[in-house]
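Trainee: This is the structure I want to talk about, given as structure tokens.
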Amino acid sequence: MPHPVLALGLGTETGWALRGADGLIVSGTACFRPRRFDGGGMRYLRFTNWMTELDRLSGPISTIWFEEVRRHAGTDASHVYGGHMATLTAWAELRGIPYEGVPVGTIKRFATGKGNAKKAAMIEAIRQRGFSPQDDNETDALALLPWALDSKGGQ
């Protein structure tokens, strides 16, 4: 019986893909955009609650893989990514769940054969695998999950 494995593309719009204990893959995008009267940490509290609920429903997550971004378009994106990564790693450490970042180029090369593939090429590659991603965030997670399962056996 396979163990649940989670792949994430961290950000305000977090793409996710999960291979459940039943072997089925589900995916989507979760939005953690701050609301009008939110304090600065509310997006991370919502992210924590979302992770906890995902773990409870899929239960329990055995391994987490996330897109390791080394360069961001702007300062805000960099801060959000860092906050999500800190929240994710603390959440996983508390539960004894192993996690690892995978460079963006590695994921793109696996999905398309080119480490610098454009978004449209990534979406097309994931569609050819039989998925229908809503956006590039979900696409990234759906590209990362098979890499983890193929390259690392999901562990």
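The values are calculated or read from the model by the stated rules, or taken from the named source; none is laboratory data. Quick caveat, the model's predicted, so the values are computed rather than measured. Positions of Cβ are generated from backbone atoms using ideal geometry, with glycine treated the same way; all protein chains shown enter the neighbour counts. Accessible surface is based on the protein model in full, side chains and every heavy atom, while ligands, DNA and RNA are left aside. Shrake-Rupley method; radii C 1.70, N 1.55, O 1.52, S 1.80 Å.
Trainee: Through the Karplus equation 6.51 cos²θ - 1.76 cosθ + 1.60, θ set to phi - 60°, convert the phi angles of the range 117-131 into ³J(HN,Hα) values in whole Hz; use x for Gly and Pro.
Mentor: Once θ is set to phi - 60°, the couplings for the range 117-131 become 4, 6, 4, 4, 5, 5, 4, 4, 4, 6, 5, 5, 7, x, 9 Hz.
Trainee: Also, I was wondering about something else. Would you mind telling me which residue in Arg70, Arg127, Arg36 has the biggest mean-square fluctuation in a Gaussian network model of the chain, where springs connect alpha carbons within a distance under 10 angstrom?
Mentor: Arg36
Trainee: Right, another one. Accessible area per residue for the range 61-155 in Å², computed with a 1.4 Å probe and the full protein assembly in place, what is it? Write out the running numbers ahead of the final one.
Mentor: Values: 5050 Å² over 95 residues.
Value returned for the range 61-155: 53 Å² of accessible area per residue.
Trainee: Ok, one more. Per DSSP helix of 4 or more residues, -39500 (n - 2.57); summed, then divided by the residues of the chain. What does that give at 222 nm, rounded to the nearest 500?
Mentor: Using -39500 (n - 2.57) per qualifying helix, the result is -15500 deg cm²/dmol.
Trainee: Which ³J(HN,Hα) values, rounded to whole Hz and listed in residue order, are derived for the range 3-10 from phi using the Karplus coefficients 6.51, -1.76 and 1.60 in 6.51 cos²θ - 1.76 cosθ + 1.60 with θ = phi - 60°, glycine and proline given as x?
Mentor: Residue by residue, the range 3-10 yields 8, x, 10, 10, 10, 10, x, 6 Hz.
Trainee: Gain in length, Arg36 to Arg56, computed as 0.36 nm per residue apart minus the alpha-carbon separation, to one decimal in nm?
Mentor: On the way: separation 20, 0.36 × 20 = 7.20 nm, distance 2.90 nm.
Using 0.36 nm per residue and subtracting the Cα-Cα distance, I get 4.3 nm.
Trainee: Still on this structure, please answer the following. Report the calculated FRET efficiency for Ala120 and His72 (r = Cβ-Cβ distance, R0 = 22 Å), to the nearest 0.05. Numbers along the way, then the final one.
Mentor: Numbers: r = 21 Å, r/R0 = 0.94.
After rounding to 0.05, the efficiency reads 0.60.
Trainee: For the chain, which whole-number percentage of the solvent-accessible area (1.4 Å probe, protein heavy atoms only) is attributable to carbon and sulfur atoms?
Mentor: On the way: 4280 of 8260 Å².
Carbon and sulfur atoms account for 52 percent of the accessible area of the chain.
Trainee: Quick one: grab the alpha carbon gyration tensor of the range 1-139, order the square roots of its eigenvalues as a ≥ b ≥ c, and give me rounded if a/c is under 1.5, else prolate or oblate depending on whether a/b is larger than b/c.
Mentor: On the way: a/c = 1.63, a/b = 1.12, b/c = 1.46.
The shape class here is oblate.
Trainee: If you build a Gaussian network model of the chain, linking Cα atoms that sit under 10 Å apart, which residue out of Ala125, Ala77, Ala30 swings the most?
Mentor: So, out of Ala125, Ala77, Ala30, the one fluctuating most is Ala77.
Trainee: Which one, Glu124, Glu67, Glu138, has the greatest fluctuation when you compute a Gaussian network model over the chain with C-alpha springs under 10 angstrom?
Mentor: Its mean-square fluctuation being the largest, the pick is Glu124.
Trainee: Between Leu94 and Leu45, what is the spin-label point distance in nm, taking each point 7 Å from the Cα along the Cα→C-beta axis?
Mentor: Placing both labels 7 Å beyond Cα along the Cβ direction yields 1.3 nm.
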